[in-house]
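All remarks here apply to the structure that follows.
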Amino acid sequence: MNAPRLIYMDHSATTPLRPEVLDAMLPYFTEYYGNASSIHSVGRRAGVALAQARRTIAELLGAKPAEILFTSGGTESDNAALRGIAPARRAATGANRIITTAVEHKAVLQTAQDLADHFGFTLTLLPVDSDGMVALRDVEAALGDGQDVALVSVMLANNEVGTIQPVAEIAALCRERGVPIHTDAVQAAGKLSLRVDELGVDALSTSAHKFYGPKGTGFLYVRSGTPFWPTMTGGSHEASRRAGTENVPGIVGMARALALVEAEREQENARLRVLRDRLIGGILETVDGAVVTGSRTARLANHASFVLRGVEAEGVLIALDLAGIAASSGSACMSGSHRPSHVLEAMGVPAADAVGGLRLSLGHSNTPEDVETVLARLPAIVAQIKGVAPVLL
Ligand code: PLP
């Protein structure tokens with residue numbers, strides 16, 4: 001008997017590698033394995049592929065190739081942006097404050113905290129409303145005249161609740177004051193435009209495994225002229241801004257993956273939006289105690305998230321898994337721990353509800369039938385978990 005097909009609804013955690021991407025990568029493992037810095041032909045071949053990948057990505061962003069810096073993924077890109085820009089700008093201007101939001105991924109939030117704890121920066125955390133949205137008036141108030149601000153970092157879209165931040169408007173406020181702005185676009189890539197001039201940002205992070213590319217590969221865009229000190233030293237790779245032999249197969253795969261998702265972006269968003277809305281509508285109708293988290297309108301097309309009042313997410317996730325459905329509580333690092341999500345906390349969700357976080361993030365493999373299967377299974381699963389393991393907070 002064949003095992004039932006897995007219904008994978010955890011695309012915000014990671015995505016499968018596309019076959020076309022794997023095909024593009026394979027020759028760089030086997031035939032063109034040279035070090036991209038080497039003089040010989042097999043090295044030069046790798047170097048050409050690296051340059052081509054950089055051009056492809058730059059074109060998709062409306063950037064210059066020299067503004068693209070290859071990294072090992074979203075976490076490194078975020079670290080490189082904060083640790084690279086804030087101290088360099090402080091050295092140039094004396095500005096000593098970092099402004100970010102209470103709902104950033106920990107790759108930004110803990111890095112900003114580390115810069116405050118160990119490197120003498122002060123930190124301003126912007127609050128969010130009950131949708132997880134930052135208010136422009138709060139950004140304006142936090143910036144003041146901007147003289148003491150070394151860097152602002154605001155994510156483009158939130159991983160836990162799918163809310164899209166008004167980054168272009170925030171960037172305009174920064175630009176008026178000459179303050180550099182970074183955006184974590186890890187969840188946005190493939191779903192929202194990454195054109196850096198439309199966004200008006202000076203730095204932008206991504207991670208290939210979120211858009212059907214390989215894990216362990218990402219890039220950071222840094223606008224030319226932005227003060228930047230490398231955090232990875234020890235070689236002249238990446239124009240001396242990130243030392244280390246480049247992951248050529250990964251980078252080739254990332255460029256191919258980004259080109260593919262960008263070409264399909266609008267069509268795929270339109271398809272997923274229908275599935276997402278059916279999922280949200282169906283769950284609100286049939287699951288007792290379900291409440292949507294995040295904005296209903298400024299929301300990633302593939303993202304549905306809830307709190308299920310009266311149950312703990314873990315039991316629901318295990319039962320869904322046994323039913324062949326892969327979902328998440330919100331953030332990968334939160335699963336398995338009982339600490340309430342800092343995102344839901346910042347949105348004012350009571351701790352007793354926050355333990356019932358459920359995120360269903362859609363992608364290529366998902367069909368209308370998958371959505372109907374989840375809608376058919378979830379109400380009974382939640383009712384059953386409520387019966388055996390109610391939240392007793
Ligand atoms: N930023 C956001 C918004 C994310 O969702 C993630 C991963 O979930 C990261 C950063 C970290 O990316 P990576 O897993 O590539 O290190």
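The values are calculated or read from the model by the stated rules, or taken from the named source; none is laboratory data. Keep in mind the model is a prediction, meaning the values are calculated, not measured. No Cβ is skipped: glycine too gets one built from the backbone with ideal geometry, and neighbour counts run over all protein chains shown. In case anyone asks, the SASA skips ligands and DNA or RNA and just uses the protein heavy atoms, side chains included. Shrake-Rupley method; radii C 1.70, N 1.55, O 1.52, S 1.80 Å.
Other residues with beta-carbon under 12 Å from the beta-carbon of GLY74 carry, at +1 per Lys or Arg and -1 per Asp or Glu, a net charge of -1. Of all DSSP bridge pairs formed entirely within the stretch 19-260, close to 40 percent run antiparallel.
Remark: the Cα gyration tensor places the stretch 1-120 in the oblate category, a/c being 1.5 or greater and a/b not exceeding b/c.
Distance between the C-alpha centres of the stretch 102-151 and the stretch 50-76: 26 Å, rounded to the whole angstrom. Between 0 and 90 degrees, the angle of helix 313-322 with respect to the longest Cα principal axis of the chain falls at about 80 degrees.
Between beta-carbons, use under 10 Å as the cut-off and find the net charge around ALA203, counting Lys and Arg +1, Asp and Glu -1. Intermediate values should be presented prior to the final figure.
Details: positive: ARG223; negative: GLU67, ASP78, ASP184, ASP202.
Neighbour charge sum, excluding ALA203 itself: -3.
What shape does the stretch 168-233 take by its C-alpha gyration tensor, where a ≥ b ≥ c are the square roots of the eigenvalues and a/c under 1.5 counts as rounded, a/b above b/c as prolate, and the rest as oblate? It is oblate, given that a/c is not under 1.5 and a/b is not larger than b/c.
When the charge dipole of the stretch 124-223 is built from unit charges on Cβ atoms (+1 for Lys and Arg, -1 for Asp and Glu) and taken about the Cα centre, the candidate among ALA141, VAL154, ALA185 whose Cα reaches farthest toward its positive end is ALA185. For the stretch 1-95, which GluC sites (Glu not before Pro) pass both filters: DSSP loop (anything but H, G, I, E, B) and at most 14 other C-beta atoms within 10 Å? Counting only loop positions with at most 14 other Cβ atoms within 10 Å, the GluC sites (Glu not before Pro) in the stretch 1-95 are GLU31. Normalised by the number of residues in the stretch 183-341, the mean separation of alpha-carbon contacts (under 8 Å, six or more apart) gives a relative contact order of 15 percent.
When peptides 8-17, 304-313, 287-296 are ranked by their average number of other Cβ atoms within 10 Å per residue, the highest-first order is 304-313, 8-17, 287-296. With the charge dipole of the chain set up from +1 on Lys and Arg Cβ and -1 on Asp and Glu Cβ about the Cα centre, the Cα lying farthest toward the positive end among the listed residues ILE98, THR15, LEU61 is that of LEU61.
Quick one: pull the percent of accessible area on the chain belonging to carbon and sulfur, 1.4 Å probe, ligands and nucleic acids left out. Percent of accessible area from carbon and sulfur atoms in the chain: 55.
Under the convention that each Lys and Arg Cβ holds +1 and each Asp and Glu Cβ holds -1, the size of the dipole of the chain around its Cα centre is about 700 debye. Taking every pair of Cα atoms in the stretch 19-260, average 1/r, invert it to obtain the Kirkwood radius, and report Rg/Rh to two decimals. For the stretch 19-260, the value is 0.98. Rounded to the nearest Hz, the phi-derived 3J(HN,Hα) couplings of the stretch 120-130 under the Karplus curve 6.51 cos²θ - 1.76 cosθ + 1.60 (θ = phi - 60°) are x, 7, 9, 10, 10, 9, 6, x, 10, 8, 5, where x marks glycine and proline. If you plug the beta carbon distance of LEU123 and ARG175 into 1/(1 + (r/R0)^6) with R0 = 22 Å, you get a FRET efficiency near 0.50.
Taking a point 7 Å out from the Cα of ARG5 in the direction of its Cβ, the residues of the stretch 359-389 whose backbone N falls within less than 15 Å of it are 363-374. With each label modelled as a point 7 angstrom along the Cα→C-beta vector, the GLU264-ALA66 pair spans 3.6 nm. Take every pair of alpha-carbon atoms less than 8 Å apart whose residues are at least six positions apart; their mean separation over the length of the chain yields a relative contact order of 22 percent. Within the shell defined by Cβ-Cβ distances under 12 Å, the residues around VAL311 carry a net charge of -2, with Lys and Arg each +1 and Asp and Glu each -1. Between the listed residues HIS209, THR163, VAL222, the Cα displaced farthest toward the positive end of the dipole of the stretch 149-235, a dipole computed from Cβ unit charges relative to the Cα centre, is found at HIS209. For the set LYS64/LYS215; LYS210/LYS386; LYS191/LYS215, the pairs lying more than 22 angstrom apart at their alpha carbons are LYS64/LYS215; LYS210/LYS386. Please say if the stretch 109-221 is rounded, prolate or oblate, where rounded means a/c under 1.5 for a ≥ b ≥ c the square roots of the C-alpha gyration tensor eigenvalues, and otherwise the choice is prolate for a/b larger than b/c and oblate otherwise? Prolate shape, in that a/c is at least 1.5 and a/b is the bigger ratio.
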